[in-house]
1. Based on this model, can you work out whether Ile30 counts as under 30 Å from Phe229 (Cα atoms) and out of contact with any helix residue (DSSP H, G or I) (no Cβ under 8 Å at 6 or more places or on another chain)?
2. Kindly provide the set of residues from region 26-45 that are surrounded by 14 or more Cβ atoms within 10 Å (Cβ to Cβ) and either within 20 Å of Leu249 (Cβ to Cβ) or hydrophobic (A, V, I, L, M, F, W, C) (or both), ordered by number.
3. If a residue has to be surrounded by fewer than 14 Cβ atoms within 10 Å (Cβ to Cβ) and under 18 Å from the mean Cα position of the chain (by Cα) to count, how many in region 49-67 make the cut?
4. Which pairs turn up if I take residues in region 39-56 that are within 10 Å of Leu243 (Cβ to Cβ) and look for partners that are surrounded by fewer than 10 Cβ atoms within 10 Å (Cβ to Cβ) and modelled with pLDDT of 85 or more with beta carbon separation below 6 Å, at least 6 apart in sequence or on another chain?
5. Condition first: of a type outside the set (A, V, I, L, M, F, W, C), surrounded by fewer than 17 Cβ atoms within 10 Å (Cβ to Cβ) and in contact with a helix residue (DSSP H, G or I) (Cβ under 7 Å, 6 or more places away or on another chain). Can you find one or more residues in region 109-116 that meet it?
6. Name the residue, out of Ala99, Ala74, Ala106, that is more than 27 Å from Met234 (Cα to Cα), assigned by TED's automatic domain parsing to the domain that holds Gly137, exposed (fewer than 14 other Cβ atoms within 10 Å of the Cβ) and touching a residue at least 24 places away in the same chain (Cβ under 8 Å).
7. Go through region 116-146 and give me each residue that's under 15 Å from Leu210 (Cα atoms) and touching a Pro at 6+ places or on another chain (Cβ under 8 Å).
Amino acid sequence: MQTGKLSTWSKTFLSVGFFFLYAPILILVIFSFNKSELVTVWAGFSFKWYGELFRDPQMLGAAWISLKIALLAASTSVVLGTMASIVMVRMGTFKGKTAFSSMITAPLVMPEVITGLSLLLLFVAMGQSLGWPGERGILTIWIAHVTFCTAFVAVVVSSRLQELDESIEEAAQDLGAPPWKVFFLVTLPIIAPALMSGWLLAFTLSLDDLVIASFVSGPGSTTLPMQVFSSVRMGISPQINALATLVILAATIAVFIAWWIAQRSLKQTTHISK
């Protein structure tokens, strides 16, 4: 058997796996163009439910709140996660390093119910003792999302830093570059794919979160998953299919952009190494 080619069994299992993963998504996308109000009965092609979606102020408002929180949470998580990764990978052994690493990665294995409840109790205690936050809303959701998204970013960036050839940074320092310049002009471009991956992961987790946001949200801060969940409880509407299709489209575009940036950065890194 030649290397680099899949066997018949491998192709079969791969096809079955892809079908199992993507057939439900494909069906959802198809039925988002259904004219009928019944999600399982095809009555003809129509953009009706996309129009209904864009005329729904509650759904659009929830989507806008989720996007704002996800953008801010992902960006903040990348900064904090990168700082934590540098401490864990580059600062050597120091007292309390094991405890620090464990606390950074703890949200990865912590059940969302426990995380949400603990943050709720924290915000209530702070509100009673410090007077801040006065009420739960977008700010408390953002803090909660940064709390668990930072752990995911730290894991992604740490793995990339561990594989990074430190001789490139040492060469830049030997040529007279200060540490901050080495980081921004040498290290940062090399780990850019990991930063992008961590940002996309944090953005997706924040946009998709339902459990933790339900604990720490307040009046006027209903996120998109909360709005969708409350709508689905009353019965599935084709409008939800249209919303899901738009989310899938946005995610596909974001993944393609991240892939393009990663390939470009990889080519630049290979060129520098040569």
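The values are calculated or read from the model by the stated rules, or taken from the named source; none is laboratory data. In this text the structure is predicted, and so the values were computed from the model without any measurement. Heads up, the Cβs are rebuilt from the backbone with ideal geometry, glycines too, and the neighbour counts pull from every protein chain shown.
1. Values: under 30 Å from Phe229 (Cα atoms): yes; out of contact with any helix residue (DSSP H, G or I) (no Cβ under 8 Å at 6 or more places or on another chain): yes.
It is true that Ile30 is under 30 Å from Phe229 (Cα atoms) and out of contact with any helix residue (DSSP H, G or I) (no Cβ under 8 Å at 6 or more places or on another chain).
2. Here is the first cut: in region 26-45, the ones surrounded by 14 or more Cβ atoms within 10 Å (Cβ to Cβ) are 28-29, 31-36, 39.
Answer for region 26-45, where residues must be surrounded by 14 or more Cβ atoms within 10 Å (Cβ to Cβ) and either within 20 Å of Leu249 (Cβ to Cβ) or hydrophobic (A, V, I, L, M, F, W, C) (or both): Leu28, Val29, Phe31, Ser32, Phe33, Asn34, Val39.
3. Matching residues across region 49-67 total 1.
4. none
5. The initial filter retains those residues of region 109-116 that are of a type outside the set (A, V, I, L, M, F, W, C), namely 111-112, 115-116.
When the remaining residues are screened for being surrounded by fewer than 17 Cβ atoms within 10 Å (Cβ to Cβ), the result is 111-112.
Still in the running and in contact with a helix residue (DSSP H, G or I) (Cβ under 7 Å, 6 or more places away or on another chain): 112.
Yes; the residues of region 109-116 include at least one that is of a type outside the set (A, V, I, L, M, F, W, C), surrounded by fewer than 17 Cβ atoms within 10 Å (Cβ to Cβ) and in contact with a helix residue (DSSP H, G or I) (Cβ under 7 Å, 6 or more places away or on another chain).
6. Numbers: Ala99 fails: touching a residue at least 24 places away in the same chain (Cβ under 8 Å); Ala74 fails: exposed (fewer than 14 other Cβ atoms within 10 Å of the Cβ).
None of the others qualify; the one that does is Ala106.
7. Let us first name the residues in region 116-146 that are under 15 Å from Leu210 (Cα atoms), namely 116-117, 119-120, 137-138, 140-146.
Correct list: Gly137, Thr140.
This table checks each residue for (1) over 22 Å from Ala144 (Cβ atoms); (2) assigned to a helix (DSSP H, G or I); (3) touching a residue at least 12 places away in the same chain (Cβ under 8 Å); (4) out of contact with any strand residue (DSSP E or B) (no Cβ under 7 Å at 6 or more places or on another chain).
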residue: Phe229; (1), (2), (3), (4): no, yes, yes, yes
residue: Val232; (1), (2), (3), (4): yes, yes, no, yes
residue: Leu249; (1), (2), (3), (4): yes, yes, no, yes
residue: Ala262; (1), (2), (3), (4): yes, yes, yes, yes
